[in-house]
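Each reported figure results from applying straightforward, stated rules to the coordinates on display, with no laboratory input. Predicted model, so just to flag it, every value in this text is computed and none were measured. In this analysis, Cβ positions are derived from the backbone assuming ideal geometry, glycine residues included, and neighbour counts consider all displayed protein chains.
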Ligand SMILES: *Cc1c(COP(=O)(O)O)cnc(C)c1O
């Protein structure tokens, strides 16, 4: 029995809507784009949503729309997917890492203030694995120091902090729709904002710098990109978004089943969710206790046909970050300790109870074998 790490959930409505686009005259810049954007804006409860061709493109436009450039500092987390930090480098800004909270695995809000300098322009929190950061503290600091907030909400679509949706807290919020995310458009992403000017800039830059208010195909008012999301992807997104609440409920069920079994297994820690947070489960990640060989545990599971992986590798220890900034092991000890102990287990909407049980059984066996003998 092979159990993959993730798997998209495509239903008949997705196929119907994508087919409809294929039979139409518009494969890009047609009616599905504004329809998808309006649906996402309504779902998050913000004024604007601007669809783009990846989460990374969305983060890049977020950075550019706030005019973050040469040498500007952006405070962010080293425990994330690399795009949340690379987007700052695209504009020659400087990511300033702050260590994480060992429980939430998000940027530790208590450490942010000490990292602020006269060059700090923004804070870029990442809602890791779908758990929202403590946005009360982050917003308070941002207001006090007059900083922008760019929320990397790519893993947290539908998640909430104190009842408010991820993506709605910052000047800019970004979601991603790669196939392993809660919902997919194939490749894709979307920027959300309440700010009219930011929305206009993002619309302009995603379409080669063309004015969003004119049809002149060869008039370019600023430097732009081709970050457009095509109609097929938007149609897929519309059908997925219509089912999102059901999808999130299903993922909650899978996570609870894992919690129920794994809470009783010695040697691992299950995810701890803050009581102010409504989780939107992106991945299910456990921590292996110190003294158990994580990599051998993963290998054992692989040999049994169960796909799993370490999640994440610290950004500051990626080879080119080390070369560019001189980072070394020990710089962000909490992040590094957690990174050495995480395993993301198979996690998707249609994961059956028997499969969950099998994963847990194999994980228990693996841990028994891989305890380091004192
Ligand atoms: C998925 C993800 C992104 C964006 O990924 P794309 O593959 O560019 O869509 C950005 N940040 C985080 C934290 C992510 O998990």
- Relative contact order of the range 286-372: what whole-number percent is it, with Cα pairs under 8 angstrom and at least 6 residues apart? 48 percent
- Query: Between residue 275 and residue 309, what is the spin-label point distance in nm, taking each point 7 Å from the Cα along the Cα→C-beta axis?
  - Reply: 3.6 nm
- Query: Taking the Cβ-Cβ separation of residue 7 and residue 265 as r and a Förster radius of 30 Å, what is the calculated FRET efficiency to the nearest 0.05?
  - Reply: 0.80
- Query: Once the Cα atoms of helix 135-145 and of the chain are each reduced to a long axis, what angle between those two axes, in degrees from 0 to 90 to the nearest 10, is obtained?
  - Reply: 50 degrees
- Item | Nearest-ten-degree value, helix 12-22 long axis tilted from longest Cα axis of the chain | 30 degrees
- Message: Taking 8 Å as the Cα distance limit and 6 or more residues as the minimum spacing, I'd like the relative contact order of the range 64-158 as a percentage.
- Response: 28 percent
- Item | Rel. contact order, % - alpha carbon contacts under 8 angstrom, at least six apart, the chain | 22 percent
- Task: Would you calculate the separation in nanometres between label points at residue 325 and residue 364, each defined as 7 Å from the Cα along the Cα-to-beta-carbon direction?
- Result: 4.2 nm
- Query: Please report, for the Cα atoms of the range 211-255, the Rg to one decimal and the Dmax as a whole number; what are they, in angstrom?
  - Reply: 17.7, 51
- Over the Cα atoms of the chain, Rg to Rh with Kirkwood Rh, two decimal places? 0.98
- Query: What does the helix-only formula give at 222 nm for the chain: each DSSP H stretch with n ≥ 4 adding -39500 (n - 2.57), the total divided by the residues, and the result rounded to the nearest 500 deg cm²/dmol?
  - Reply: -11000 deg cm²/dmol
- Query: So how many Å³ per residue does the convex hull of the Cα atoms of the range 155-236 work out to?
  - Reply: 109 Å³
- Message: Angle check, please: helix 244-262 long axis (alpha carbons) against the longest principal axis of the chain (alpha carbons), in degrees 0 to 90, nearest 10.
- Response: 20 degrees
- Message: Give me the Å³ per residue figure for the convex hull around the C-alpha atoms of the range 39-172.
- Response: 98 Å³
- Query: When 112, 123 are ordered from fewest to most other Cβ atoms inside 10 Å of their Cβ, what list results?
  - Reply: 112, 123
- Task: Would you mind ranking 217, 281 by Cβ crowding within 10 Å, fewest neighbours first?
- Result: 217, 281
- Note on the structure: Square roots of five times the C-alpha gyration tensor eigenvalues of the range 301-366, ordered largest first and given in whole Å, equal 32, 12, 10
- Item | Pair residue 27, residue 350: separation of 7 Å Cα→Cβ label points (nm) | 2.8 nm
- Can you sort 66, 27, 229, 33 by how many other beta carbons sit within 10 Å, fewest first? 27, 33, 66, 229
